[in-house]
Every structure is written in C-alpha cells, then in structure tokens.
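What follows is a short report on a single structure.
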Amino acid sequence: EKIKEQINEFKVDVVINCIGLTNIEDCEKNRELAEKVNINIPKNIARACNECKTKFVQISTDHLFDGNSSYYSETTSCNPLNVYGITKAKGEKVVLDVNPHALIIRTNFFGSGPSYKASFSDKILENLDSGVINNLFDDVYYTPVSVSTLRKMVIALINKKVNGIFNICSNERLTKYQFGILLAETYGYSTSLVKPISINQVPNLTPRPKDMSLSNYKLCSFLGLFF
C-alpha cells in the first residue's frame, strides 16, 4: 500500500527495480534475507505497479542455469545451482504471476559501482592502478554488457511497451580472465597484471555455473539491432 501511495503521489510512469542481494556467499548464509530481497520485494513492487497501471521492470540475472550449455535463451528452463540463482528465478516467476505486464531483464552488466560498493570492473581497475595482480577465472564464461548499453536497451523496450523476459547482453561469450585483459588494454595498463586461474582452485566456494552466457537473438530481432 505504501508503494502504491508513492506511485500515485509522484505520478510514476515506470518503476525499474534494481534491488537485489547479489553476493552469492551471503545468500547461502542468509537464505531468509535472500528470499525477502530477491523474491518478496520484487513481488510487492510488481503488484503495486499492476494495481496502479504503472510499468514495472525487474532487473534479473544470468545466474539461472547449471552452466552445462552456452548462449541461454529466454525460453531455456532455469536450473540454478545456488540460493542466489534459486531466489532470482523465483523472483521472476512471482513478478510475472502478479503482474503479467512486467518486463524481466536478464543481464550481467559492468561499469562504475556506487560509492558504497565497488563493482567487478572497479576492483580490477583499482588493482591495475595499484600494481596488484588480478587472478581471474579462465573457465567461467559470460556475456557482459556495459551499463550505458543496458540503459539504452531497457528504455527502448519500455518505449515498445513489451512484457515478458528479454536477455540484454553482448554478442561475445568470454571468460572473466578475457574481460580483465580487455579492460587492462582499454585503459592502458599492462596485461601482465591479469593472471588466469581456474574456479576449481578456489576452496569452499559455493557452486556456480561455469557458463552463464546469454543469447541476445530475441532482443536484436525485436529491436532490429546488430551490435
């Protein structure tokens, strides 16, 4: 009810939910909090938006599959390996259950993080600037997209008044190590500070998919895009 009051008071046209408990280890340690943040909060906002006839966009994840395939499409059945993936998958379902007009965005984005939390790319650049070696997985694949591109694509889909699930991602499937090399080259740092390691070398790590790559075929076909 409070969300509805805010929507009506400020005459909100679109709500984009970026709230999420994204730390995989934290989700394992506190499943109740993960369910509250990744399932219940999106459900409440989606229901309020539906009742107010306000567009709702849920930012989801690429962490929904077992990693035994590549370039997952929007119709691929979810098979998450950990609490984070489970709660994000359930979050998608409950959002669409209470708000069939909602737009679900599956993505993995990079860019500057907020002041209170450094992003993955922030941490790599900070290490490069300090001369610290980045040990990055060379056996974990994904399809990252810049925040600026993500923003443009989300706005384009909102303007098209679409609903359902869309992947917003890059064309290219690459490893975390390859991403680190590209980042170093782009900003003029030595690539010698980026070293490959296997995810299997990290002890006591919560199970993660080794391939999270998404297909952007639906997005590109719908918007007539060629990245």
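The values are calculated or read from the model by the stated rules, or taken from the named source; none is laboratory data. Please read all numbers here as calculations on a predicted model, not as lab measurements. Methodologically, a virtual Cβ is constructed for each residue, glycine included, from the backbone with ideal geometry; neighbour enumeration extends over all protein chains shown. For accessibility, only protein heavy atoms count, side chains too; no ligands or nucleic acids. Shrake-Rupley method; radii C 1.70, N 1.55, O 1.52, S 1.80 Å.
Cross-link candidates for LYS117: which lysines have Cα within less than 26 Å, leaving aside residues fewer than 8 places away along the same chain?
Partners found: LYS29, LYS36, LYS43, LYS88, LYS90, LYS152, LYS176, LYS195, LYS210.
Once phi is turned into ³J(HN,Hα) by the Karplus curve 6.51 cos²θ - 1.76 cosθ + 1.60 with θ = phi - 60°, what whole-Hz value does each residue of the range 24-30 show in order, with x for glycine and proline?
Those phi angles translate into 4, 5, 5, 5, 5, 6, 9 Hz.
Please state the shape class of the range 165-227: rounded when a/c is under 1.5, otherwise prolate if a/b exceeds b/c and oblate if not, all from the C-alpha gyration tensor.
Details: a/c = 4.22, a/b = 1.41, b/c = 2.99.
It is oblate, given that a/c is not under 1.5 and a/b is not larger than b/c.
May I ask you to evaluate 6.51 cos²θ - 1.76 cosθ + 1.60, the Karplus curve with θ = phi - 60°, for each residue of the range 145-152 and list the ³J(HN,Hα) values in order in whole Hz, giving x for glycine and proline?
Rounded to whole hertz, the list is 9, 5, 4, 5, 5, 4, 4, 4.
Cα axis of helix 83-98 to longest principal axis of the chain: angle in degrees, 0 to 90, nearest 10?
Roughly 20 degrees, rounded to the nearest 10.
Using Cα-Cα distances under 8 Å and only pairs 6 or more residues apart, what relative contact order does the range 62-159 have, in percent?
Relative contact order comes out at 22 percent.
If amide hydrogens are placed 1.01 Å from N in the peptide plane, which non-local residues have theirs closer than 5 Å to the one on ASN108?
Hits under the 5 Å cutoff: VAL145.
Quick one: 3J(HN,Hα) in Hz for the range 11-17, Karplus 6.51/-1.76/1.60 with θ = phi - 60°, rounded, Gly and Pro as x.
Coupling constants for the range 11-17: 6, 6, 8, 9, 10, 10, 8 Hz.
For log10 I(q)/I(0) by the Debye sum over Cα atoms at q = 0.08 Å⁻¹, the choices are (1) -0.31; (2) -0.25; (3) -0.37; which was calculated from the structure?
Evaluating log10 I(q)/I(0) by the Debye sum over Cα atoms at q = 0.08 Å⁻¹ on these atoms matches (1).
For the range 1-109, state which chymotrypsin sites (Phe, Trp or Tyr not before Pro) are in a DSSP loop and have at most 15 other beta carbons lying within 10 Å of their beta carbon.
Those satisfying the criteria are PHE10.
Grab the alpha carbons of the range 93-185, take their convex hull, and tell me the volume per residue in Å³.
131 Å³
Using helices alone, I'd like the mean residue ellipticity at 222 nm for the chain: each DSSP H run of four-plus residues gives -39500 (n - 2.57), total over residue count, nearest 500. Let's see the in-between values first.
Values: 9 runs with 89 residues, N = 227.
That calculation yields -11500 deg cm²/dmol at 222 nm.
Round to a whole angstrom and tell me the spacing of the C-alpha centers of the range 130-176 and the range 70-129.
Computed from Cα coordinates, the inter-centre distance equals 9 Å.
Given a 1.4 angstrom probe, I'd like the percentage of the accessible area of the range 110-170 that is carbon and sulfur, rounded to a whole number.
The nonpolar share, carbon plus sulfur, comes to 53 percent.
Given all pairs of different Cα atoms, what value in angstroms does the Kirkwood hydrodynamic radius of the range 21-131 take?
Final number for the Kirkwood radius of the range 21-131 is 15.4 Å.
Net charge within 12 Å of ASP97 by Cβ-Cβ distance, Lys/Arg positive one each and Asp/Glu negative one each, not counting ASP97 itself?
+3
So if R0 is 22 Å, what FRET efficiency would LYS4 and ASN40 give, r being the distance between their Cβ atoms, rounded to the nearest 0.05?
0.85
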